[in-house]
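Enquirer: One structure follows; several queries about it will come next.
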Amino acid sequence: MSKPTVELTEAEWSVIKAVWESEPCTAPAIQEKLFKPTGWTYSTVRTLMDRMVAKRVLKAKKEGKLTIYHSAVTRRQAQHGELFYTLKHAFNGALTPMVQCLLESRDLDAAELAQLESMIAARKKSSKK
């Protein structure tokens with residue numbers, strides 16, 4: 001079973017990160033958390049969160065007059081969606097140029113390079129089975 005593809009806008013990333021930190025939560029709580037960095041009003045946050053429910057990124061449940069929100073995707077699913085969006089749009093789906101770009105643009109220390117080599121070796125080994 002494949003995981004759902006998740007593509008989030010920059011604003012949705014702000015919301016989902018705040019939800020992950022404090023779920024279950026309400027829109028007013030998220031608005032309060034995001035007000036200082038964004039200046040967003042309650043209606044902006046509520047609209048974003050309702051759209052995220054429609055996209056199946058968040059789940060909402062009514063409890064009396066309150067709407068309680070939970071994430072419907074994991075951090076890993078969201079990261080996976082973001083990575084494959086970038087791969088598709090910036091690198092025409094080609095993984096090698098993307099990895100080359102990452103390697104050339106970052107100073108990787110020996111430990112990070114060893115970790116990458118180990119992951120590649122493990123993947124090679126598992127794909128031979």
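Enquirer: Assess whether PHE35 counts as being outside any loop (DSSP other than H, G, I, E, B), modelled with pLDDT of 95 or more and among the hydrophobic types (A, V, I, L, M, F, W, C).
Expert: In short, yes.
Enquirer: What number of residues in segment 1-11 are open to solvent by 40 Å² or more (accessible area, probe 1.4 Å) and in a helix (DSSP H, G or I)?
Expert: Count: 1.
Enquirer: Right, here's the next one. Which helices (runs of 4 or more DSSP H) sit wholly inside segment 43-129 and have at least 1 residues that are within 25 Å of GLU7 (Cβ to Cβ), in contact (Cβ under 8 Å) with a residue 40 or more places away in the chain and out of contact with any strand residue (DSSP E or B) (no Cβ under 9 Å at 6 or more places or on another chain)?
Expert: In segment 43-129, 75-90 are the helices (runs of 4 or more DSSP H) which contain 1 or more residues that are within 25 Å of GLU7 (Cβ to Cβ), in contact (Cβ under 8 Å) with a residue 40 or more places away in the chain and out of contact with any strand residue (DSSP E or B) (no Cβ under 9 Å at 6 or more places or on another chain).
Enquirer: Restricting to segment 16-42, count the residues that are of a type in the set (A, V, I, L, M, F, W, C), closer than 21 Å to LYS65 by Cβ and without any contact (Cβ under 8 Å) to a residue 40 or more places away in the chain.
Expert: The total comes to 2.
Enquirer: Can I ask one more? I'd like the full set of residues that are touching an Asp or Glu at 6+ places or on another chain (Cβ under 9 Å) and open to solvent by 70 Å² or more (accessible area, probe 1.4 Å), limited to segment 45-69.
Expert: The answer is ARG51, LYS55.
Enquirer: Within segment 17-40, which residues are open to solvent by 70 Å² or more (accessible area, probe 1.4 Å) and more than 16 Å from THR74 (Cα to Cα)?
Expert: GLU32, LYS33, PHE35, LYS36, PRO37
Enquirer: If we scan segment 85-102, do we find a residue that is under 29 Å from PRO24 (Cβ atoms) and of a type outside the set (Val, Ile, Thr)?
Expert: Yes, some residue in segment 85-102 is under 29 Å from PRO24 (Cβ atoms) and of a type outside the set (Val, Ile, Thr).
Enquirer: Still on this structure: Is there a residue being farther than 17 Å from TRP13 by Cβ and open to solvent by 70 Å² or more (accessible area, probe 1.4 Å) anywhere in segment 73-87?
Expert: Scanning segment 73-87 turns up no residue that is farther than 17 Å from TRP13 by Cβ and open to solvent by 70 Å² or more (accessible area, probe 1.4 Å).
Enquirer: Regarding segment 107-115, can at least one residue be identified that is within 26 Å of SER14 (Cα to Cα), out of contact with any Gly (no Cβ under 9 Å at 6 or more places or on another chain) and not basic (Lys, Arg)?
Expert: So far as segment 107-115 goes, no, none of its residues is within 26 Å of SER14 (Cα to Cα), out of contact with any Gly (no Cβ under 9 Å at 6 or more places or on another chain) and not basic (Lys, Arg).
Enquirer: Would you say SER14 is loosely packed, with under 15 Cβ neighbours inside 10 Å and in a helix (DSSP H, G or I)?
Expert: no
The values are calculated or read from the model by the stated rules, or taken from the named source; none is laboratory data. Just so it is clear, the structure is predicted and the values come from calculations on it, not from any experiment. A quick note on method: Cβ atoms are made from the backbone with ideal geometry, for glycine too, and the neighbour counts reach across all protein chains shown. Note: accessible area is taken over every heavy atom of the protein model, side chains too, but ligands, DNA and RNA are not part of it. Shrake-Rupley method; radii C 1.70, N 1.55, O 1.52, S 1.80 Å.
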